[in-house]
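To start, the structure under review is shown below, and the notes come after it.
The values are calculated or read from the model by the stated rules, or taken from the named source; none is laboratory data. Being a predicted model, the structure only gives us computed values, none of them experimental. With ideal geometry, Cβ positions are generated from the backbone for all residues, glycine too; neighbour counts draw on all protein chains shown.
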Amino acid sequence: MLKFSQACLLLWLGVICLLLAIPRAALAHPAHSAPMNYPVVLGFERFYSGLDSEERLAEGGLLLLNELNCVACHAPPKAWADQLSGSPGSNLEGVGDRYRHLDLELMIRSPRLLKRDTLMPSLFSGPDRDLVEIEDLKHYLASLKRPDPYPKRPEGDIDRGRTFYHQVGCVSCHAPEADYRPPHLSPETELDHTGLPHVPMNLADVYSEEALVEFLLDPNHHRPSMRMPEFDLSAQEAADLAAYLKAGPGLTISSGLSQALVAMRVFEPDPVRAKRGEAVFAKKRCYSCHEMEGAFAESRPVSAPLANLAERAAARFPEGLTEEANFGCLSARALEGGVPYYGLDAVQVRAILAALQKLHPDAPKRTAHQTSEARLDWEWQRLNCYACHEVDGKGGVEYGRDIFFTSKNPDSLTFGRNGFLPPNIAPYEKQLTVEWIRSKLGHGAPPMKARPYLRARMPQYHPHATAEMVAVWEKILPKSGARPSAFGQKEIKQFLKSPQDWISAQGADCATCHGATDETPPAAVRLDAAPHRLRVDFLEAFLNDPVGSHREIGIDLEAPDP
């Protein structure tokens with residue numbers, strides 16, 4: 001049996017060989033796309049840069065403080081507590097089934113080894129790391145098994161999964177496959193390069209296919225942070241998607257090392273070491289991010305409040321923190337003493353320091369996000385709604401990724417980008433009913449699909465992730481005419497049968513584009529969803545002036561002939 005030091009040596013040799021053995025073709029697959037070498041928060045990456053002023057960067061720094069879950073240990077000032085509520089880590093239930101023990105050890109040693117852009121810091125990267133503690137913690141995490149085996153799922157189809165991945169909306173956040181061409185493109189069409197950052201799916205290589213299917217079916221359970229929302233997948237769709245994500249080009253290593261690594265895969269968690277590992281889990285305060293039941297939930301000691309950190313930073317670095325300086329979690333290298341190491345880049349450090357100054361006790365009274373519109377913008381950045389939806393020229397599907405979005409009804413393409421992309425929010429922002437917004441964001445029964453012609457799907461979030469967004473949106477909605485629509489199914493049928501009686505004396509065949517059933521996908525928004533979606537005052541205005549109302553949402557229609 002290999003000694004512990006020999007096992008560690010083989011492990012690290014294996015990691016180095018695996019990294020060097022990645023063929024160039026592997027980078028074509030989205031699961032192997034090149035990651036950023038720092039924690040990636042998409043809302044920060046898209047809207048903030050090193051060219052911004054300190055005041056502007058401070059807004060991005062607040063986002064980082066929240067998404068990196070700094071507030072789990074460093075309490076924010078009371079005036080900011082509603083905004084800086086934190087972002088919890090992964091659910092560790094069944095983690096011993098999702099990861100092999102070698103991968104667990106890598107994740108404990110340094111999460112960046114498995115996922116370079118991870119938001120999870122390392123607690124064992126410092127020069128004083130304890131290898132025995134790492135091994136004990138590995139035994140503890142490996143002992144967290146599912147109560148039941150993974151249920152039997154349909155066999156996945158790689159080709160179906162490949163097409164589904166590029167059509168359902170995954171490419172809004174993740175990279176499209178470099179060699180994939182949408183089937184509707186002509187051979188002469190050249191694909192644009194994508195410039196926005198994306199979230200690589202390196203963990204798809206780590207998870208077993210069964211574990212990956214279970215994750216795709218219920219990501220809200222596995223990732224309480226909601227960074228990966230649910231897409232209402234069927235078991236077959238999840239199996240197809242998992243088969244595709246696991247089908248990237250494989251890695252090759254020497255036969256001798258391969259045999260040694262295979263021998264090390266035989267692993268059973270030791271109950272004694274697992275118990276010691278549970279104590280390490282508490283000592284390192286891993287439960288600050290990874291919510292656990294029992295004793296861990298009873299007491300959560302915290303470090304210095306954010307306001308105190310602001311005072312320390314201002315005193316030690318009045319002109320800003322340089323990359324060579326050391327300041328706790330913001331340091332450019334791992335420190336001893338169990339200080340979490342995030343591996344932040346210089347712009348992120350600048351942004352966080354600027355944000356800390358806004359939280360300084362002597363800073364002016366909080367003025368950020370006092371308007372509902374500004375707070376809604378914060379929520380959209382946090383949940384990355386801007387990846388799909390545009391609001392007043394901000395966000396939306398990136399050019400270069402939009403070509404992958406398609407419609408089930410070719411006629412919808414006559415409406416331009418409105419016919420195949422998720423809708424711009426601004427035209428509808430104050431036209432939707434509260435009930436519809438609540439249901440779309442997970443607060444109530446799932447609504448009917450207003451745009452069944454789109455292949456892209458609206459993500460499903462857990463209600464607690466969108467509660468603040470719903471509350472703020474309700475404040476924005478005008479009070480007049482906000483009552484539920486008086487139009488019912490009978491009136492809608494009459495409207496479809498005789499649209500001229502509803503729209504104008506000229507008449508128009510609205511049902512040709514809009515439709516009213518799921519039997520054939522319409523080319524435009526379903527009309528029978530209108531009573532549930534649209535406020536009465538807007539709906540009536542829309543029916544009275546369809547041409548003008550369409551123009552307001554970016555669609556020009558020819559005026560109907562008399």
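Overview of results
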read-out	value
Of all residues making up region 134-162, the number that are assigned to a loop (DSSP other than H, G, I, E, B), closer than 30 Å to residue 292 by Cβ and not small (Gly, Ala, Ser)	10
In region 299-331, the residues that are surrounded by 12 or more Cβ atoms within 10 Å (Cβ to Cβ), modelled with pLDDT under 80 and among the small types (Gly, Ala, Ser)	314, 320, 325
Residue ranges of helices (runs of 4 or more DSSP H) in region 27-112 with at least 1 members touching a strand residue (DSSP E or B) at 6+ places or on another chain (Cβ under 9 Å) and farther than 17 Å from residue 228 by Cα	42-47, 101-109
Residue, modelled with the highest pLDDT, within region 288-298, restricted to residues that are in a helix (DSSP H, G or I) and loosely packed, with under 14 Cβ neighbours inside 10 Å	294
Tabulated pairs, region 92-103, first farther than 14 Å from residue 148 by Cβ and modelled with pLDDT of 90 or more, second of a type in the set (Gly, Ala, Ser) and crowded, with 17+ Cβ neighbours inside 10 Å, C-beta under 7 angstrom, 6+ apart or interchain	98/211
Verdict on residue 137 being within 25 Å of the chain's Cα centre (by Cα), farther than 22 Å from residue 213 by Cα and buried (at least 19 other Cβ atoms within 10 Å of the Cβ)	no
Yes/no for residue 122 being closer than 30 Å to residue 289 by Cβ and not acidic (Asp, Glu)	yes
Cβ-Cβ under 8 Å pairs, at least 6 apart or on other chains, region 187-200 side in contact (Cβ under 8 Å) with a residue 24 or more places away in the chain and outside the structural domain of residue 396 (by TED's automatic domain parsing), far side in a loop (DSSP other than H, G, I, E, B) and among the acidic types (Asp, Glu)	194/398; 195/398; 196/398; 199/117; 200/117
Tally, over region 213-230, of residues that are aliphatic (A, V, I, L, M) and farther than 19 Å from residue 115 by Cβ	2
Some residue of region 64-83 being within 18 Å of residue 394 (Cβ to Cβ), in contact (Cβ under 8 Å) with a residue 12 or more places away in the chain, surrounded by 17 or more Cβ atoms within 10 Å (Cβ to Cβ) and not small (Gly, Ala, Ser)	no
Hits in region 437-461 - residues which are in contact with a Ser or Thr (Cβ under 6 Å, 6 or more places away or on another chain), more than 20 Å from residue 521 (Cβ to Cβ) and not aliphatic (A, V, I, L, M)	442
Checklist (1) part of a helix (DSSP H, G or I); (2) touching a strand residue (DSSP E or B) at 6+ places or on another chain (Cβ under 8 Å) applied to residue 171, failing item	(2)
Which listed residue, of 456, 465, is within 20 Å of the chain's Cα centre (by Cα), assigned to a helix (DSSP H, G or I) and closer than 21 Å to residue 218 by Cβ	465
Residue match in region 382-405 (condition: farther than 24 Å from residue 85 by Cβ, in contact with a helix residue (DSSP H, G or I) (Cβ under 9 Å, 6 or more places away or on another chain) and of a type in the set (Lys, Arg))	yes
Some residue of region 200-212 being out of contact with any Asp or Glu (no Cβ under 9 Å at 6 or more places or on another chain), in a helix (DSSP H, G or I) and either of a type in the set (Lys, Arg) or farther than 23 Å from residue 119 by Cα (or both)	yes
Enumeration of residues in region 381-405 that are buried (at least 19 other Cβ atoms within 10 Å of the Cβ) and part of a helix (DSSP H, G or I)	381, 382, 385, 386, 387, 403, 404
From the options 111, 30, residue that is free of Cβ contacts under 8 Å to residues at least 12 places away in the same chain and buried (at least 19 other Cβ atoms within 10 Å of the Cβ)	111
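Residues checked against (1) out of contact with any Pro (no Cβ under 8 Å at 6 or more places or on another chain); (2) at pLDDT below 95; (3) within 19 Å of residue 239 (Cα to Cα); (4) exposed (fewer than 15 other Cβ atoms within 10 Å of the Cβ):
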{"residue": "149", "(1), (2), (3), (4)": "yes, yes, yes, yes"}
{"residue": "159", "(1), (2), (3), (4)": "yes, yes, yes, yes"}
{"residue": "169", "(1), (2), (3), (4)": "no, yes, yes, no"}
{"residue": "172", "(1), (2), (3), (4)": "yes, yes, no, no"}
